[in-house]
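**Q** One structure follows; several queries about it will come next.
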Amino acid sequence: MFSKIFCRFNKPASHNSYAMKKYLLLPVLLIGAYAYAQIPEDVLRYSFFPQNGTARSLAIGGAMGSLGGDITATFVNPAGLGNFKTGEFVFTPNFYFNNNNSNFRDTKLKSSKSDFTLLGPIGLVYGATNRYKPKSSQAISFVITQTANYNNRIQYSGYNNYSSHSEQFAEQAIKGLSKGTVEDILNDPQYAYGAAPALYTYLIDTFSGNRVKALPEFILANGSALLQQNIIETKGGMYEVALGYATNKNDKFMFGFSVGVPIVNYNSTTTFRESDTSSNTNNNFGYFNYVDNFSTKGVGVNAKLGFIFKPTENIRVGFAVHTPSYMFTLKDRRKIDLEVNTENYKGIRNVSSTLFTNGVPGESNYSLLTPWKMMVSGSYVLREIENVKQQKGFITADIEYVRHSASSFYSANQTPTAGEKEYYTTLNQVIRDQYKGAFNFRLGGELKFNVIMARLGFAYYTNPYKDALLKSNKMLVSGGVGYRNKGFFIDLTYVHSFNKDVNFPYRLADKDNTFANIKNQRGNIIASVGFKF
């Protein structure tokens, strides 16, 4: 599926060129992406992120599947709520900082981003025992949390003598001209984010024989390289409001379920610049700047259910299933601005996509089905006795399976057009071809010293891409302390994550696709404060 291409100064690429061979599907996807905006990478935005939670749960790697006794169980294994026999309120502010290292065509860059958020889990749990069966109880929870944090800044640049971003616009124009004229493309909103502004600014043009060419292609044909720079700034997050319930039978068997309402608020600004690296100011191309402002907002519904069994006082085993989140209403808004300097050809020209969309940003409405998850868990509790103050601690682990390739996009229209049907069918096939199911592992433990607790954790989220040449994973190490006394508690945790991923600045149907390798380190300081009632 992969092949070698030539990198900077004709050196062969080893790690950042990607030959997509699904090429009967790709031209349809590239054209449609400008009409509908969704691309294969979007699926990871909604499925490839670490488990969030309270400071206590994150200190033990997020391994809450069989342990319970924490409000985070609402989002992991609701059966764990069965350990509550009184009420509890908790809120969890946290601070994080990102450090990114990128490698694009043998050029390395660094960038950083820090932020503060109050949306760790905030909510309450109320538990009550059966007066006739003190070892049996029920509990209900209501909690809000941020499941994914999108605040980040990635920057990379490099020299490319093989391909140009503008070739993607030329490919769109070629397909459009097979059905009509240049005027038809300029009047069709589906080309408003690529071919239309590129034609308007003469970044691409028609030449003898009605050939469509991008002006940077002539630079490449002369053996020169282009300097490509990309800055991606993202904001927002995915949040979830959940209601959970659990029942505890004789402190042996716990069953629970929760219903969640995921809420998406995502914003990105991508600034891509491509420029001529030669000193020739008469070769008809100087640079182009392409600024893409994009946002997604929407809401959905999901469910989680599970059980925990205690075969002995020391051992707990758990199992949980998370249904896909059905995002029944997602709305994308998009606006691009393009500035092109074609030197003596047509000079400097500027245009916005709103020129082709009746003066307003383009909108796309659609639905999404995220992957389902399955989890098995186990815990060993040290010195489990009636007087919990005498407990000495625990070790716990989760193994989770996420089928990333099961993500699917759909039109939100009751009667989708033929173009929509073709696009979403193609997009979902590319998702199935590009992604796979992946296992995630979480491990943690706690030692208790009367009212003080010390905790350590580890988590590893494996590669969701089918092809091993696309490297992506997340590794987290964590530690924290806690204090509990007379119904009041406070926990403090630090989590350091090491993340790898890839980013494609553009995709071409007739050439290998180049990408950047991104290494991210994120530090996260989490505090949870609460009280029992």
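The values are calculated or read from the model by the stated rules, or taken from the named source; none is laboratory data. Just so we're clear, the structure is a prediction, and the values are computed from it rather than from any experiment. Don't worry about glycine lacking a Cβ; one is built from the backbone with ideal geometry, like all the others, and counts go over all protein chains shown.
**Q** Give just the number: which of (1) at pLDDT below 95; (2) over 30 Å from the mean Cα position of the chain (by Cα); (3) of a type outside the set (Asp, Glu); (4) not in a helix (DSSP H, G or I) does Gly209 not satisfy?
**A** (4)
**Q** Assuming Asp467 fulfils every condition listed in (1) outside any strand (DSSP E or B); (2) crowded, with 20+ Cβ neighbours inside 10 Å apart from one, which condition is it?
**A** Unmet for Asp467, out of (1) outside any strand (DSSP E or B); (2) crowded, with 20+ Cβ neighbours inside 10 Å: (2).
**Q** OK, next. Considering segment 338-374 alone, what residues qualify as being among the hydroxyl-bearing types (Ser, Thr, Tyr) and either in a loop (DSSP other than H, G, I, E, B) or farther than 30 Å from Tyr191 by Cα (or both)?
**A** Thr342, Tyr345, Thr357, Thr370
**Q** Determine, yes or no, whether Gly62 is buried (at least 23 other Cβ atoms within 10 Å of the Cβ), at positive phi and not aromatic (Phe, Trp, Tyr).
**A** yes
**Q** Another question, then. When you check Thr117 against the structure, is it crowded, with 21+ Cβ neighbours inside 10 Å and polar (S, T, N, Q), yes or no?
**A** In short, no.
**Q** Something else: Consider Tyr191 against the criteria (1) under 35 Å from the mean Cα position of the chain (by Cα); (2) closer than 30 Å to Ala73 by Cα; (3) crowded, with 19+ Cβ neighbours inside 10 Å: it satisfies all of them except one. Which criterion is unmet?
**A** It is condition (2) that Tyr191 fails.
**Q** Being within 24 Å of the chain's Cα centre (by Cα), aromatic (Phe, Trp, Tyr) and surrounded by 20 or more Cβ atoms within 10 Å (Cβ to Cβ), is that true of even one residue in segment 351-372?
**A** Checked segment 351-372: at least one residue is within 24 Å of the chain's Cα centre (by Cα), aromatic (Phe, Trp, Tyr) and surrounded by 20 or more Cβ atoms within 10 Å (Cβ to Cβ).
**Q** Taking Val477, is it of a type outside the set (Lys, Arg), modelled with pLDDT of 95 or more and over 26 Å from Leu427 (Cα atoms)? Break it down into steps so the answer makes sense when it comes.
**A** Working: of a type outside the set (Lys, Arg): yes; modelled with pLDDT of 95 or more: yes; over 26 Å from Leu427 (Cα atoms): yes.
Criteria met by Val477.
**Q** Name the residues in segment 295-320 that are under 30 Å from Arg333 (Cβ atoms), surrounded by fewer than 19 Cβ atoms within 10 Å (Cβ to Cβ) and not small (Gly, Ala, Ser), would you?
**A** Answer for segment 295-320, where residues must be under 30 Å from Arg333 (Cβ atoms), surrounded by fewer than 19 Cβ atoms within 10 Å (Cβ to Cβ) and not small (Gly, Ala, Ser): Lys297, Val299, Val301.
**Q** Does at least one position in segment 144-160 carry a residue that is of a type in the set (S, T, N, Q), free of Cβ contacts under 8 Å to residues at least 24 places away in the same chain and outside any helix (DSSP H, G or I)?
**A** No; the residues of segment 144-160 include none that is of a type in the set (S, T, N, Q), free of Cβ contacts under 8 Å to residues at least 24 places away in the same chain and outside any helix (DSSP H, G or I).
**Q** For segment 319-337, how many residues are part of a strand (DSSP E or B), touching a helix residue (DSSP H, G or I) at 6+ places or on another chain (Cβ under 9 Å), under 30 Å from Ser407 (Cα atoms) and not β-branched (Val, Ile, Thr)?
**A** 5
**Q** State all residues of segment 391-409 that are crowded, with 18+ Cβ neighbours inside 10 Å, among the aromatic types (Phe, Trp, Tyr) and closer than 21 Å to Phe48 by Cβ; if no residue qualifies, say none.
**A** Scanning segment 391-409 gives a single hit, Phe409.
**Q** Of the residues that make up segment 484-504, is at least one among the small types (Gly, Ala, Ser), without any contact (Cβ under 8 Å) to a residue 60 or more places away in the chain, farther than 30 Å from Phe328 by Cβ and surrounded by fewer than 18 Cβ atoms within 10 Å (Cβ to Cβ)?
**A** The answer is yes; a qualifying residue exists.
**Q** What strands (runs of 3 or more DSSP E), lying completely within segment 375-455, carry at least 2 residues that are under 21 Å from Gly62 (Cα atoms) and modelled with pLDDT of 90 or more?
**A** Values: elements: 393-403, 408-411, 437-449.
In segment 375-455, 393-403, 437-449 are the strands (runs of 3 or more DSSP E) which contain 2 or more residues that are under 21 Å from Gly62 (Cα atoms) and modelled with pLDDT of 90 or more.
**Q** Sticking with this structure for a sec: Limited to segment 91-123, what total is found for residues that are assigned to a strand (DSSP E or B), in contact with a Phe, Trp or Tyr (Cβ under 8 Å, 6 or more places away or on another chain), in contact (Cβ under 8 Å) with a residue 40 or more places away in the chain and closer than 30 Å to Phe319 by Cα?
**A** Number of matching residues: 2.
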